[in-house]
Amino acid sequence: MRNFENIKALVGDDVTQDELKFVDCYVCSNLGVFIPSAEPCGYASKPYHTHPSYMVVIYFETPAQRQTHYHAEITSPNVPHNDESGRHYYCLLINKGYFESRYRLYGGETPHFDRHSFEFCRDILKTLNTFVFEYSKSMLNSHITLAAQAEIITHWIIRSILGETLDMRAVSSDYSVARAQHYMEKHYMERITVSDLAALGYISPSSFNRRFKKEVGVTPIEYLIEIRIERAKTLLRRKDIPITEIALRCGFGSSTHFSSCFQSRVGVAPSEYRDNYKD
């Protein structure tokens, strides 16, 4: 097992290689990605075990056709916890000093996390999987690129915890699609048509619609609704904003239309989402 000293520094000095024999481990000095494979992790199966590092667990339930976010939890160092056996997940362990120094860049002291829940954008997984690929290939100077990717991953996790990147999307390499994505992220509260978006890339609406769906997996209007729903989630968590006002702020023509779109994509009504978040 490569870099076992780095693994011990993240998992715990008492971990053994045998306990990790069913875990794929990808680590650099400050961050490790641990993915249970054939069977549960032996170390994680210990009741009320701890880690000297921050632990972020990303859960992969049976996804919807277009699931934009996954449920994630973060636990502070030395907080006892139990493994969620039977669930598919990625476990990220981040060096304590490293994580806290990055968190302080966003202001204030690092809070105490005891399985604190947050939403994790699916597009960050591309960087995680790039980290895994880079580690697996042992390319020349990979320690430099792994450190760079760990930096990006850590900042995205912190921003997600703070609720600042719930609308994060991967940007397309197709210029016309990417420009439309940027425009929708900035003008989501306005009335936007496919013709408006196509004009940004100087192509016909039919060609744009086809290229967008091929690149992103959904139509431009479905993508726009996703952006609006994620913006609405942020506002709903603020408690003091009426739902009708949130609907208008997020580009929906009425609270009825907003509630219908929100229910179909999130699975609960806006008011229920607000209550659940409070709980």
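Might you report the magnitude of the Cβ-based charge dipole of the stretch 193-276 about its Cα centre, with Lys and Arg at +1 and Asp and Glu at -1, to the nearest 20 debye?
160
How high is the relative contact order of the stretch 147-279? Use alpha-carbon pairs under 8 Å, at least six apart in sequence, and give a whole percent.
Worked out over the stretch 147-279, it gives 19 percent.
Cβ under 14 Å from Ser206's Cβ, Ser206 left aside: what net charge do those residues give with Lys, Arg +1 and Asp, Glu -1?
+4
Around Ser29, with a cut-off of 15 angstrom between Cβ atoms, what is the net charge of the other residues, counting Lys and Arg +1 and Asp and Glu -1?
Cβ neighbours under 15 Å give a net charge of +1.
For the chain, with equal point scatterers placed on the C-alpha atoms only and solvent neglected, what are the log10 I(q)/I(0) values from the Debye formula at q = 0.15, 0.16 1/Å, to two decimals?
Cα-only, vacuum Debye calculation for the chain: -1.18, -1.26.
Once you charge only the Cβ atoms, +1 for Lys and Arg and -1 for Asp and Glu, what is the size of the charge dipole of the chain about its Cα centre, to the nearest 20 debye?
Value, rounded to 20: 880 debye.
State the answer as a single residue: which of Ser101, Ser254, Phe22 lies farthest towards the positive end of the charge dipole of the chain, with beta carbon charges of +1 for Lys and Arg and -1 for Asp and Glu, about the Cα centre.
Result: Ser254.
Please state, rounded to one decimal and in Å, the Kirkwood hydrodynamic radius that the stretch 4-161 gives when every pair of distinct Cα atoms enters the mean of 1/r.
Across the stretch 4-161, the inverse of the average 1/r is 15.9 Å.
Once the cut-off is 26 Å, how many percent of the Cα-Cα pairs in the stretch 129-238 end up in the long-distance tail?
Value for the stretch 129-238: 37 percent of Cα pairs lie more than 26 Å apart.
Evaluate the distance, in nm, between pseudo-label points positioned 7 Å from the Cα of Thr244 and of Thr50 along their respective Cα→Cβ axes.
Distance between the two pseudo-spin positions: 5.3 nm.
May I ask you to derive the relative contact order of the chain, considering only C-alpha pairs under 8 Å and at least 6 residues apart, and to give it as an integer percent?
12
So what's the net charge close to Phe99: Lys and Arg +1, Asp and Glu -1, counting the other residues with Cβ under 14 Å from its Cβ?
+1
If the cut-off is a Cα-Cα distance under 19 Å, which aspartates and glutamates reach Lys233, setting aside same-chain residues fewer than 8 apart in sequence?
Glu73, Glu119, Asp123, Glu164, Asp167, Glu185, Glu190, Glu222, Glu245, Glu272, Asp275, Asp279
Can you give me the Kirkwood hydrodynamic radius for the stretch 176-278, using every pair of distinct Cα atoms, in Å to one decimal?
Radius from the Kirkwood sum: 14.3 Å.
Return the lysines within reach of Lys8: Cα separation strictly under 28 angstrom, same-chain partners fewer than 8 residues apart disregarded; answer none if there are no such residues.
Within the straight-line limit of under 28 Å, Lys8 reaches these lysines: Lys21, Lys46, Lys96, Lys126, Lys137.
Tell me, what is the Rg over Rh of the stretch 222-279, with Rh the Kirkwood radius over Cα pairs?
My calculation of the ratio gives 0.91.
List, largest first, the extents of the alpha carbons of the stretch 1-60 along their principal axes, each in whole Å.
Answer, in whole Å and largest first: 25, 23, 22 Å.
Name the residue, out of Phe22, Phe131, Phe252, whose mean-square fluctuation peaks in a Gaussian network model built on the chain with Cα pairs under 10 Å.
Phe22
Please work out how much length the chain gains when fully extended from Met189 to Ile221, using 0.36 nm per residue of separation minus the C-alpha to C-alpha distance, in nm with one decimal.
Length gained between Met189 and Ile221: 10.2 nm.
Only the coordinates and a few stated rules stand behind these numbers; no lab work does. Computed from a predicted model, the values in this text were never measured in an experiment. Cβ atoms come from the backbone with ideal geometry, glycine included; neighbour counts cover every protein chain shown.
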